[in-house]
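Here's the structure, in structure tokens; my notes come after.
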Amino acid sequence: MLFNSQIFLIVFLPVAVLVFAALHRRRDHQMLALLAASLVFYAYWYPPMLGLLAGSIVANWLIAGRIVAAPRGAVFWLSLGVIANLAMLGVFKYADFLVQTAASLTGAEAGLFDLALPLGISFFTFQQIAFLVDLRRGVAERPTLFRYGLFVSFFPQLIAGPIVRWREIGRQFRDGVADAEERWAMVASGLTLLVIGLAKKVLIADEIDPAVNVIFDAAGQGEISTLAAWAGAVGFTLQIYIDFSAYSDMAIGLGRLFGIELPRNFNRPLRSTSIIDFWRRWHITLSEFLRDYLYIPLGGGRAGITRQAMAVIVTMFLGGLWHGAAWTFVGWGCLHGIAIVAAHAGRRIGIRLPALIGWALTLTFVIAAFVLFRAPDFQTAITVWTGMISPVAGGLPSLQPPGWRPLLMDSGFADTMAILGIGLFLALILPAGHDIAPRLTRFRLVWAVGLAVTFCLLVIRLGNQAAYEFIYFQF
């Protein structure tokens, strides 16, 4: 079930909110209703996969029990839990990738498993690993099974994050929001974030997608113009940022409707003045996970520059691989790893760039690196990069995808260029939705009416086009 689908917005969500509100006198009943709603939400996609999610939840909860009950054997049980989680992720996400890689190296015929990729498996796997590690460290507690199940399966963040830790959300599941005025303020800002995220997804990210697809398809067939290469690279950078930030806005907004405050995942990353700063602002919960559970245990910045460089490269290699079972994702992660190592080295020797130059270099690097993230193979990425750095005459390829209806203008690419301009303004100038939502809700009735009208128009718009999945659903 997609957040940007009519069945979610006008059927599932209203029913879930009404049932939750009707049970306001009993917190346990509210949480049980949320758990049931979350399981229904997940099962809607492909019911058999609900068994995998439920089995993973029960297995990790039982392992958590052994970590608590047997302190002397905690390391063993923690290791078993981490290995089991990574094995499940490896089977479903990376089995075919490993087979294909081995086949390409040996020349043997690849017999693929062709397993369906469970939605959100990367996110709920990392979340459960973090829980087990935090439990062993003494910064998390083992809850009841149904609260743990809700912690893992809470539908606003189940499919694509943010990656949540127990210490951030466990107390909220237990206590809720006692003050009525605070509850209504959370609902108001939650609805605002929901509509802001939906608008960003429907009106900007989805409108950029057809042009980006056409450009990268053309690059896969041969040389493209410099204009097309830059339009594709900038377009995808804006698309993935706005698409994922839209999902995160909607996730946080949905959480607030149920009195749960989820952590923010973005802080205007395209305004970063260094690549280190970028990773503190982009996909914040993933960056913090990689830092706390991989980079720091590998030595982090405590050791010398060589040890730190190795920790960065390994962390970003695995971070790239986490995004997808393809060498292009690994390459993207390694590019960022090399850039972070260079940035750390520059800081160690005292290099400090002016903010404007640092921003321009960082943004250019991020845009260029995202070409590899989007490209289906290295050759396509090289073609786009070549077009970006070597002047190649020509315009933009024709944009007439079946069933696509321009939002602003009759010309497909004129429409897309206008949307790109709006996207740049949104990413570089406007405050983040997380920051402006509380301010907007102060307008009370005027804002409520405007919000309702906008929501209705967006739902109508959804009925006239195919619903685009969020990009991070595939991870």
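The values are calculated or read from the model by the stated rules, or taken from the named source; none is laboratory data. The shown structure was predicted, so the numbers you read here are calculated from the model rather than taken from an experiment. Positions of Cβ are backbone-derived with ideal geometry, glycine not excepted, and every protein chain shown enters the neighbour counts. Side chains are part of the model used for accessible areas, which takes the heavy atoms of the whole protein and leaves out ligands, DNA and RNA. Shrake-Rupley method; radii C 1.70, N 1.55, O 1.52, S 1.80 Å.
Data overview
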quantity: Per principal axis, descending, Cα span of segment 100-140 in whole Å; calculated: 49, 22, 10
quantity: With DNA, RNA and ligands ignored, accessible area of ILE382 (1.4 Å probe; Å², nearest 10); calculated: 80 Å²
quantity: Accessible area (Å², per residue) of segment 323-365, counting only protein heavy atoms and a probe of 1.4 Å; calculated: 52 Å²
quantity: Solvent accessible area, Å² - TYR44, 1.4 Å probe, full protein context; calculated: 120 Å²
quantity: FRET E, pair PHE425, ARG72, Förster distance 51 Å, beta-carbon r, rounded to 0.05; calculated: 0.30
quantity: The chain, helix-only ellipticity at 222 nm - DSSP H runs n ≥ 4, -39,500 (n - 2.57), divided by all residues, nearest 500; calculated: -22000 deg cm²/dmol
quantity: Contour excess over end-to-end distance, with Cα ends at VAL91 and ASP217 and 0.36 nm allotted per residue; calculated: 42.4 nm
quantity: Rounded, prolate or oblate (a/c below 1.5 giving rounded, otherwise prolate when a/b exceeds b/c) for segment 1-136 by Cα gyration tensor; calculated: oblate
quantity: Whole-number D in µm²/s for segment 112-205 (Stokes-Einstein; Kirkwood sum over Cα pairs; 25 °C, 0.890 mPa s); calculated: 157 µm²/s
quantity: Dipole moment magnitude, nearest 20 debye, segment 28-156 about Cα centre, only Lys, Arg, Asp, Glu C-beta charged; calculated: 500 debye
quantity: Per-residue HN-Hα couplings for segment 164-170 [Karplus 6.51, -1.76, 1.60; θ = phi - 60°; Hz; x = Gly/Pro]; calculated: 10, 9, 4, 5, 8, 9, x
quantity: Protection-proxy order for peptides 313-326, 248-261, each taking the mean of Cβ atoms within 10 Å per residue, highest first; calculated: 248-261, 313-326
quantity: Sparsely packed trypsin sites (Lys or Arg not before Pro) within segment 261-324, loop by DSSP, other Cβ within 10 Å at most 15; calculated: ARG302
quantity: Carbon + sulfur, % of accessible area of the chain - ligands and nucleic acids excluded, 1.4 Å; calculated: 66 percent
quantity: Test item: Cα-centred dipole of the chain, Lys/Arg +1 and Asp/Glu -1 on Cβ, debye; calculated: 1800 debye
quantity: Volume of the Cα convex hull of the chain, divided per residue and given in Å³; calculated: 172 Å³
